Amino acid sequence: MPRTNPRELGLLADCESCFGLCCVALPFSASADFAADKDAGQPCRNLRDDFRCAIHAELRPRGFPGCTVFDCLGAGQKVSQITFEGRSWREAPGSARQMYAVFPVMRQLHELLWYLTEALEIEAARPIRPALADALDRTERLTRESADALEKLDVAAWRAEVNELLLRTSELARAGLRGGERRGADLIGARLRGADLRGANLRGAYLIGADLRGADLRQADLIGADLRGADLSGADLTGSIFLTQPQVNAAKGDRATRLPAALTRPAHWPDTAARPAGPRRRSSAGRNRR
């Protein structure tokens, strides 16, 4: 059995070991999430010479809440310290273009490692554990390829291959549950307060601004679900499948929100619990959108 501890696999972001790659390599546009425009490869105006953020403690009030949502899952330090052997884009300007190109590829590989690590811990997935373990090992080896190999990697094709295993894992984990098939559903702003979504397939669902207060999301497949602004106050997400920290960071919640053990409550969530949502029930909005 390969390593399945996120820390051992380097899937926890270590900004002290990164060259501020998310603040340089990635673009963003002026919006509710970012106070200004920035092109890919252009250092953020708030990036200091030591690769730290000058307004890290004030990102939200200063108009950069999008930065508090992003998580590279350890890809930044892998590219900085292993792929480019500790030489920054400032020390070696000639490597900057390739470093910026490799970073998003590594981010996708690390996301796959996160999903595969979780899949290996799901008891119902025991029948396919050998295939999952092999995929994890192959993905981890890809993250240690050269910069040239990573830049040329068809990461979309590899994601598609791994996704077949993740789909099968989800089916096994949700077998016997009646949460409904809502893959890719448009649930933007849906009234799902107290909804029984246990075991639901919400892969890629649009839950932007949805009211999920007090909802039961145990064993729900949330891979790729857009939870921006969704209200998870009092919701139960324990045992939910393929939920990541960036998704949680993008949502609203409170002290009563129950999260999987591998995830942490975002610092911007209030310490107080919202009013109880009442008994769980299926909402009419949810039924109409199936």
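The values are calculated or read from the model by the stated rules, or taken from the named source; none is laboratory data. This structure is a prediction, so every number in the text was calculated from the model and none was measured. Note that each Cβ is placed from the backbone with ideal geometry, even for glycine, and that neighbours are counted across all protein chains shown.
For (1) assigned to a helix (DSSP H, G or I); (2) at pLDDT below 95; (3) more than 24 Å from Gln98 (Cβ to Cβ), each residue gets a yes or a no:
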position	(1), (2), (3)
Ala57	yes, yes, yes
Pro61	no, yes, yes
Thr68	yes, yes, yes
Asp71	no, yes, no
Gly76	yes, no, no
Val79	yes, no, no
Ile82	yes, no, no
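Yes/no per residue for (1) aliphatic (A, V, I, L, M); (2) buried (at least 17 other Cβ atoms within 10 Å of the Cβ); (3) over 19 Å from Gln247 (Cα atoms):
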{"site": "Leu9", "(1), (2), (3)": "yes, yes, yes"}
{"site": "Gln42", "(1), (2), (3)": "no, no, yes"}
{"site": "Asn46", "(1), (2), (3)": "no, yes, yes"}
{"site": "Asp49", "(1), (2), (3)": "no, no, yes"}
{"site": "Arg62", "(1), (2), (3)": "no, no, yes"}
{"site": "Gly66", "(1), (2), (3)": "no, yes, no"}
{"site": "Val69", "(1), (2), (3)": "yes, yes, no"}
Failed item, numbered, when Ala157 is tested on (1) free of Cβ contacts under 8 Å to residues at least 12 places away in the same chain; (2) in contact with a helix residue (DSSP H, G or I) (Cβ under 7 Å, 6 or more places away or on another chain): (2)
Arg126 vs. criteria in a loop (DSSP other than H, G, I, E, B) and surrounded by fewer than 13 Cβ atoms within 10 Å (Cβ to Cβ): no
Kindly establish whether Ala149 is over 19 Å from the mean Cα position of the chain (by Cα), surrounded by fewer than 16 Cβ atoms within 10 Å (Cβ to Cβ), over 27 Å from Arg228 (Cβ atoms) and of a type in the set (A, V, I, L, M, F, W, C). yes
